[in-house]
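Remarks on the structure that follows.
The values are calculated or read from the model by the stated rules, or taken from the named source; none is laboratory data. A quick note: this is a predicted structure, and the numbers were derived from the prediction, not measured. Every residue, glycine as well, gets a Cβ built from its backbone with ideal geometry; the counts of neighbours run over all protein chains shown.
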Amino acid sequence: MNDASGLNATPAFSHRVLGPNSDESIIAALRAELKSAASQNRPVVVGAARHSMGGQSLARNGAAITFAAPKCEPDRAAGVYRVQAGTRWHEAIQVMDPLGHSPAVMQSNSDFGIASTFSVGAHGWAVPYGPFGSTVRSIRLMLADGSIMSCSRSENAELFSMAMGGYGLVGIVLDLDIDVVPNTFMRPSYERMSADALSERFVRRLSDPAVKMMYGRLNVARADFFTEALLVSYRVDPTPAGGLPPVARHGALTGLTRSVYRSQIGSESAKRARWLAETQGAPRLGSGVTTRNTLLNEPVANLGASPAARTDILHEYFVPPARFNAFLAACREIIPKAKAEFLNVTLRSVAQDDMSVLSYATTDRIAAVMSFSQVMTAEGEADMLLMTEALIERVATLGGAYYLPYRLHARVDQFHRVYAGAARFTQRKRHYDPGLLFRNALWDNYLAA
Ligand SMILES: Cc1cc2nc3c(=O)[nH]c(=O)nc-3n(C[C@H](O)[C@H](O)[C@H](O)COP(=O)(O)OP(=O)(O)OC[C@H]3O[C@@H](n4cnc5c(N)ncnc54)[C@H](O)[C@@H]3O)c2cc1C
């Protein structure tokens, strides 16, 4: 098996896809898998889209389980939706849209599993939210012994705080009760500025209650690298007399055609052209008014396929706003020296998360999501590793964090410096899973020892 990076070919003992069966039969199948794996001392790992990039959804010679059982139902009395673990976001949105609802928080792409989103502690670009887990009311979690625990902030809270951003290491999420908000028309406004002016403006826009979604971009052409910024904020627009149009599955965040995005590989002029299109073309082209659900329903395919022998690798850094300009200076110094092609950076807000044991937002953060195209060779790997280590070093010094679902290129000491809750996580995981049934590459590399 492999994940989206294409760099993690891992032998699996078995791979079971749990399709659209009844709740009871899924639970029975999971219990049988856990029992059999325990008797053979094999690890168990669950995944959905396997878009994590460092073997977080893979276990060497393990029993792999893929949840592929979409189910999403409103619970009108509780004002939440109950979603089965493997449901992808675009499937949930299809259910919510006709009922006038929209996920309160989800990542920028809708192909991913909803339990995965909780398990990596993912965040989105709706404001003023923290990670997705802050909008999850409760989960049902199957522990290593097959027992099922209901977990929330008030019930089995420790398990909830370890499962949120815990990469499937304490148990298998069966389903989640998640918050929604009204689906609305959203109107963007575009502001251009120097990159060094961005963080102050970003924080100011966050304090405007009318702003409901927001992202930033920086230019990535080497000549003007990270010197100019674009901030796009969305406010609610009145619903037209005929009501809202149904959700479309093309998204709106990328704002680029696949070919323009891909043509940036090896072409500085394409990067400059893209920046012009995004900062000058898009604001002039129509109003950009669309529904919240259409904004969220962006498929990964919008980024286009990576050319053969290359792979797209993401990084993400979470920076205290007051240190953001020092972070930009570090990026200007470190990134252009690397051979990897820098394709994109998107900036988001993540509010403080005091819930997850492995929290990356111990204070409010500006998140910088970076996308690189890397050659799939030992040289390409070494180049990426050196750059990542250097960036993490600087971010850690600034009091920030890096994100865990990507390549496992941080040094072990860097991981523990950034994730202060890691030792407690390991200790309590050993309590809940004494046979260490739930293991993956993240556990093996950083937490096991
Ligand atoms: C193009 C792209 C855009 C992205 N945008 C964002 C973004 O905007 N914000 C953000 O925060 N992240 C973002 N990410 C990261 C993304 O959220 C994670 O990679 C996420 O894990 C992807 O979901 P998945 O279904 O592929 O997860 P998988 O890779 O299948 O699984 C991820 C982890 O969750 C665990 N897991 C999965 N299902 C369960 C379950 N039922 N019970 C327990 N554990 C489980 C797995 O074991 C694994 O450790 C992005 C990634 C990509 C590639």
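Is there a residue in the range 391-406 that is closer than 21 Å to Ser199 by Cβ, more than 15 Å from the ligand (Cβ to nearest atom) and among the basic types (Lys, Arg)? Scanning the range 391-406 turns up at least one residue that is closer than 21 Å to Ser199 by Cβ, more than 15 Å from the ligand (Cβ to nearest atom) and among the basic types (Lys, Arg). Residues in the range 10-22 include none that are at pLDDT 95 or above, within 23 Å of Thr135 (Cα to Cα) and not hydroxyl-bearing (Ser, Thr, Tyr).
Among the residues of the range 326-352, those identified as touching a helix residue (DSSP H, G or I) at 6+ places or on another chain (Cβ under 6 Å) and in a loop (DSSP other than H, G, I, E, B) are Ala338, Lys339, Ala340. Of the residues examined, Val105 is one that is of a type outside the set (Ser, Thr, Tyr), part of a loop (DSSP other than H, G, I, E, B) and under 18 Å from Tyr403 (Cβ atoms). Here the strands (runs of 3 or more DSSP E) wholly within the range 114-186 that include at least 2 residues being within 11 Å of the ligand (Cβ to nearest atom) and crowded, with 24+ Cβ neighbours inside 10 Å are 136-142, 172-182. Restricting attention to the range 15-31, the residues that are free of Cβ contacts under 8 Å to residues at least 12 places away in the same chain and surrounded by 15 or more Cβ atoms within 10 Å (Cβ to Cβ) total 0. Quick check, is Ala361 touching a Phe, Trp or Tyr at 6+ places or on another chain (Cβ under 9 Å), surrounded by 18 or more Cβ atoms within 10 Å (Cβ to Cβ), part of a loop (DSSP other than H, G, I, E, B) and of a type in the set (Gly, Ala, Ser)? Yes: the conditions hold for Ala361. Of all the listed residues (Ala4, Ala63), the sole one being within 30 Å of Ala309 (Cα to Cα), in contact with a helix residue (DSSP H, G or I) (Cβ under 8 Å, 6 or more places away or on another chain) and small (Gly, Ala, Ser) is Ala63. Taken together, the residues in the range 410-435 that are surrounded by 15 or more Cβ atoms within 10 Å (Cβ to Cβ), part of a loop (DSSP other than H, G, I, E, B) and either within 15 Å of the ligand (Cβ to nearest atom) or in contact (Cβ under 8 Å) with a residue 40 or more places away in the chain (or both) amount to 3.
In the range 272-287, the count of residues that are modelled with pLDDT under 90 and closer than 30 Å to Phe415 by Cα is zero. The criterion of at least 2 residues that are touching a Phe, Trp or Tyr at 6+ places or on another chain (Cβ under 7 Å), away from the ligand (no atom under 12 Å from the Cβ) and touching a residue at least 24 places away in the same chain (Cβ under 8 Å) is met by the following strands (runs of 3 or more DSSP E) wholly inside the range 32-93: 72-75.
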